Amino acid sequence: MRPSERGHKMLSFSAAGVILLLAWIYPSDSLYFHIGETEKKCFIEEIPDETMVIGKYRTQLWDKQTGSFLPSTPGLGMHVEIKDPDTKIILSRQYGSDGRFTFTSHTPGEHQICLHSNSTKMALFAGGKLRVHLDIQVGEHTNNYPEIAAKDKLTELQLRVRQLLDQVEQIQKEQNYQRYREERFRMTSESTNQRVLWWSIAQTVILIVTGIWQMKHLKSFFEAKKLV
Amino acid sequence: MHGSLWVLLQVLWAQLLCGWVLGSELTFELPDNAKQCFYEDIIMGTKCTLEFQVVTGGHYDVDCRLEDPDGTTLYKEMKKQYDSFTFTAAKNGTYKFCFSNEFSTFTHKTVYFDFQVGDDPPLFPNENRVTALTQMESACVSIHEALKSVIDYQTHFRLREAQGRSRAEDLNTRVAFWSIGEAIILLVVSISQVVLLRSFFSDKKTTTTRVGS
């Protein structure tokens, strides 16, 4: 290989590497919202077990001088905390101003993803406004089909069928989760039924017993006082 | 060498496209007297759909408002439980949609929304094909669309079931709490009745003896 060819190859690979990194992290065209300095924003994801979730965020700081949001600010961090349905923390990490976090659920249920800014520099520079671009993908949306096609060398038809298989798998998982939730609902209803039954009986018994006790006690009290 | 490099570049280009998935589905908590706004930059001519549903809280209703870059209100509904709104972006710019719980004094609401912008990105980076789709491929495409709507229905079903389940769990705890409370009140009231009655007669006896002597 001639040196110029090698140079070209190196350049294109490094450019490719940069594009790869950018594409991997940046949710450049996605939804955004504003967050205050110490404000914590939480999002809930109700997912079946063994489901992968990928979240990407990008933060922009308000620049008072230019009156617009800066494209990217180094030194600004976001703290990401993810709790599972049993409120146990499964991820609690500090990321930079742009970050990507991923987790796989091991129990079905409501997972809570919380973001808050850890920076105190904002009060000095910004006036407290931070713009956060967020993109959360769940389940089969996390699959990157062109990458799978290249890795497993699939034809177009095979890739389409693979996508359909992934979708059907997600539907099956959700149905399974639905069965688990319905079981919980049924248990809750039966527990309510039991409680209503037993506590009504108990209250009636307490009423009768205290009534009898009252009468007996007062009778013996009056007899002792020689009023009866 | 060139072939593998070309494949690598295609994969990376596809990665870049896939990084820009245009569709957001989020569930968040809206505290009482709060308003939460989301923004998205949309290109003119894109067909967009906003769907929202209130999952838990109060009477399960929320105010929703969608504005275009000039501030014109495209959609405004008060105290709605569930709705779906489709529009085509008439201008380039930042579209804003807000959910408001300002009418509620003490109930937190959990709101789910799904904002789809445009179509899904194509499965392949070089979708400008020379030939039309074969029968197999168009069958795959229609199955894919049908499965997408199945997943969408499943999501809405799950949210409604979550509503029912949270009410049932509230009922369960309330029944337990109030049953125990009532039993305690019953005991306390009956014992204090007897004690009070005894105290009436005790005082009367001392006064009668004093008068007698």
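The values are calculated or read from the model by the stated rules, or taken from the named source; none is laboratory data. Given the structure is predicted, the values throughout are model-derived calculations rather than measurements. Reconstructed Cβ throughout: ideal geometry from the backbone, glycine too, with neighbour counts over all protein chains shown. In case anyone asks, the SASA skips ligands and DNA or RNA and just uses the protein heavy atoms, side chains included. Shrake-Rupley method; radii C 1.70, N 1.55, O 1.52, S 1.80 Å.
Structure values in brief
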| quantity | calculated |
| --- | --- |
| Residue selected from region B:149-167 under the condition touching a strand residue (DSSP E or B) at 6+ places or on another chain (Cβ under 7 Å) and within 18 Å of residue A:109 (Cβ to Cβ), by the criterion surrounded by the fewest Cβ atoms within 10 Å (Cβ to Cβ) | B:166 |
| Residue within region B:50-62 that is farther than 18 Å from residue B:158 by Cα, at pLDDT 90 or above and surrounded by 14 or more Cβ atoms within 10 Å (Cβ to Cβ) present | yes |
| The listed residue being within 24 Å of residue A:170 (Cβ to Cβ) and either out of contact with any Phe, Trp or Tyr (no Cβ under 6 Å at 6 or more places or on another chain) or modelled with pLDDT under 80 (or both), out of A:49, A:63 | A:49 |
| Wholly within region B:59-112, strands (runs of 3 or more DSSP E) carrying at least 3 residues that are among the aromatic types (Phe, Trp, Tyr) | B:82-88, B:93-100 |
| Identity of the residue in region A:142-156, surrounded by 15 or more Cβ atoms within 10 Å (Cβ to Cβ) and part of a loop (DSSP other than H, G, I, E, B), that ends up nearest to the other protein chains (Cβ to nearest Cβ) | A:144 |
| Test: residue in region A:98-107 that is in contact with a His (Cβ under 7 Å, 6 or more places away or on another chain), within 19 Å of residue A:39 (Cα to Cα), open to solvent by 20 Å² or more (accessible area, probe 1.4 Å) and touching a residue at least 12 places away in the same chain (Cβ under 8 Å) | no |
| In region B:112-125, residue farthest from the chain's Cα centre (by Cα) [restricted to those that are open to solvent by 60 Å² or more (accessible area, probe 1.4 Å) and at the interface with chain A (Cβ under 10 Å from one of its Cβ atoms)] | B:122 |
| From the options A:213, A:199, residue that is free of Cβ contacts under 8 Å to residues at least 12 places away in the same chain, over 21 Å from the mean Cα position of the chain (by Cα) and surrounded by 17 or more Cβ atoms within 10 Å (Cβ to Cβ) | A:199 |
| Lone qualifier among A:181, A:160 - being modelled with pLDDT under 95 and within 18 Å of residue B:168 (Cα to Cα) | A:181 |
| Region A:99-117, residues that are of a type in the set (Gly, Ala, Ser), assigned to a strand (DSSP E or B) and under 12 Å from the mean Cα position of the chain (by Cα) | A:109 |
| Residue identified as open to solvent by 70 Å² or more (accessible area, probe 1.4 Å), farther than 22 Å from residue A:164 by Cα, assigned by the TED database to the domain that holds residue B:38 and touching a strand residue (DSSP E or B) at 6+ places or on another chain (Cβ under 7 Å) among B:109, B:96, B:79 | B:79 |
